[in-house]
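The structure under discussion appears below in the form of C-alpha cells.
Values in this text are rule-based calculations from the coordinates and carry no lab data. Please read all numbers here as calculations on a predicted model, not as lab measurements. A quick note on method: Cβ atoms are made from the backbone with ideal geometry, for glycine too, and the neighbour counts reach across all protein chains shown.
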Amino acid sequence: MKYGRVDVSGPNECPEEGRLPGKYQCIRLCLCLETTNLIAFLCCLDAGPPSPADHLREVFYRMGLNDKEIVALSGAHTLGRSRPERSGWGKPETKYTKDGPGTPGGQSWTVQWLKFDNSYFKDIKAKRDEDLLVLPTDAVLFEDPSFKVYAEKYAEDQETFFKVYAEAHAKLSNLGAKFDPPEVCL
C-alpha cells in the first residue's frame, strides 16, 4: 500500500480553497463559456450541485477509475455503518445495529454489516427494508444506465463482484504516491 497521492505538483496549482476542480465542474464551466447568450451563461453557472452519478464520477474519474470500478468500490458499503452525528446520514440505531458488537448504533447498508459479500447490491435493488441505509450515491447505481449494468451484474454474481472489487481496491490503494513512508522505530 502506498500512502497518499499527488493531485498537483505544487501549491501554485491548487485553487484557493485547496481542492482540485472536478471534471464535471470544468466541463460545466467550459460549456458555459462557449455560449453567447448571457441568460444561458448565468443559468449554466447556477446549475447547482452535481447529480449523485456526476459526483461519483467527479471523485473517481480523476483517480483513473471507471464506472465498473466505481460500482465495485461502492460495494464496500456491505461492511460498516453510518452515524448521523459523524456524517449527517443515517439513523441513530436500527434493529440491526442497536445491539451490535463494539459501539452499538448507527445505520448499516446491509443486515449482516460485518460480512463482506454482494448483499449491498441485492438490498439496494430490492429496496426491502427502511432500516437499511441507501444514500443518493447508492440508489444511483441502479438508476444511471452505465452504473446499472455493473450493479445488476454484482447483485447476481458475487464472484465477479469479488474479482472486480479486489482489482479496483488494489488500483485505488496504489495511486500516485511518489515517496516511501518513513521508517517507524519502536
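What to note about this one:
- Meets criteria (surrounded by fewer than 17 Cβ atoms within 10 Å (Cβ to Cβ) and assigned to a loop (DSSP other than H, G, I, E, B)) for K115: yes
- The residue that is surrounded by the fewest Cβ atoms within 10 Å (Cβ to Cβ), among those in the range 124-161 that are touching a residue at least 24 places away in the same chain (Cβ under 8 Å) and of a type in the set (S, T, N, Q), is S146.
- Annotation: of all residues in the range 78-104 being in contact with a Phe, Trp or Tyr (Cβ under 9 Å, 6 or more places away or on another chain) and either touching a residue at least 60 places away in the same chain (Cβ under 8 Å) or of a type in the set (G, A, S) (or both), the one that is surrounded by the most Cβ atoms within 10 Å (Cβ to Cβ) is S82.
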